[in-house]
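Input: a single structure, listed below in structure tokens.
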Amino acid sequence: MRWVMLDTETTGLRVEEGHRLIEIGCVECVDRRITDRHFHVYLNPQREVDEGARQVHGMSWDQLRDKPLFADIVDGLLEFIQGAEVVIHNADFDRGFLDEELRRIGLKPFASYCDRITDSLGRARDLHPGQRNSLDALCQRYAIANDHRVLHGALLDARLLADVYLSMTRGQESLAISSEEEVALTDSADGIDLTQLIVRRASPEELQAHQTILAEIDKQSGGRAVWLKRGADA
């Protein structure tokens, strides 16, 4: 399983107004592990950068004039994503800019060159409906350090996205236990004398404190504490 986490920076928000890519960053994950392979380029957008965009990523056209054009780096980008599932946060935005750059040089849309595109923002909204699901918010939710993210950068954000997406999808890839794992689990129990395990029973005071907490939960829930009803029926 190979994922490529991708992020871009642009001269502005709307591709239909002629805004262009200025940076592309990709980070590779293989079998749910971040590898040391990445793809990162700055691009000459051949136009000015909007002030609002410059405040987000800190780049001006003067800083980008000596960078390569998209046509100069496209082969390396397409080779890097070939056969991978490309994960993008708010995929419609980045994909729109990538498709336009490819169209300018007579190539097919971006999705034609990878296995598929997954929108991590859509997945986050499914997992956390009604909550903020920006990359910063997800970093905070999953306890991923992002204090160094003063300005947006494509490679930095792709790496943060990798950490976020791995956290979001942890345990969702497969619930099955392979035969090898089953043997390993069985072997790991060999030689353990279960009769020697110490069982510490709750004291009367601890049991009373537990019942007090359950009663308070039942009160707060309007008498809907199912486990109390089941205990009474037992």
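Read-outs: derived from the displayed coordinates by stated rules, not from any lab. Remember, it's a predicted structure, so these values are computed and weren't measured experimentally. A quick note on method: Cβ atoms are made from the backbone with ideal geometry, for glycine too, and the neighbour counts reach across all protein chains shown.
Dipole magnitude for the range 68-175: about 320 debye, using +1 per Lys or Arg Cβ and -1 per Asp or Glu Cβ, origin at the Cα centre.
Going by amide H atoms built from the backbone, whose H comes under 5 Å of the H on V87, apart from near neighbours? The answer is V4, M5, L6, T118. Sorting I105, I144 from the fewest to the most surrounding beta carbons within 10 angstrom yields I105, I144. Distances between placed amide hydrogens fall under 5 Å for R47 paired with no residue 5 or more residues away or on another chain. When the trypsin sites (Lys or Arg not before Pro) in the range 59-165 are filtered for DSSP coil states and for at most 16 other beta-carbon atoms within 10 Å of their beta-carbon, the remaining sites are R65, R132, R149. Annotation: the residues V86, V74, sorted from fewest to most other C-beta atoms within 10 Å of their own C-beta, follow the order V74, V86. Give the shape of the range 2-146 as rounded, prolate or oblate, defined through the alpha-carbon gyration tensor: a ≥ b ≥ c are the square roots of its eigenvalues, a/c under 1.5 means rounded, and otherwise the shape is prolate if a/b is larger than b/c and oblate if not. Oblate is the answer for the range 2-146, as a/c is 1.5 or above yet b/c matches or exceeds a/b. Taking label points 7 Å from Cα along the Cα-to-Cβ direction, L69 and E216 give a separation of 7.0 nm.
Applying the Karplus relation 6.51 cos²θ - 1.76 cosθ + 1.60 with θ = phi - 60° to the range 122-133 yields 3J(HN,Hα) values of x, 5, 5, 5, 5, 6, 10, x, x, 10, 5, 10 Hz, where x marks Gly and Pro.
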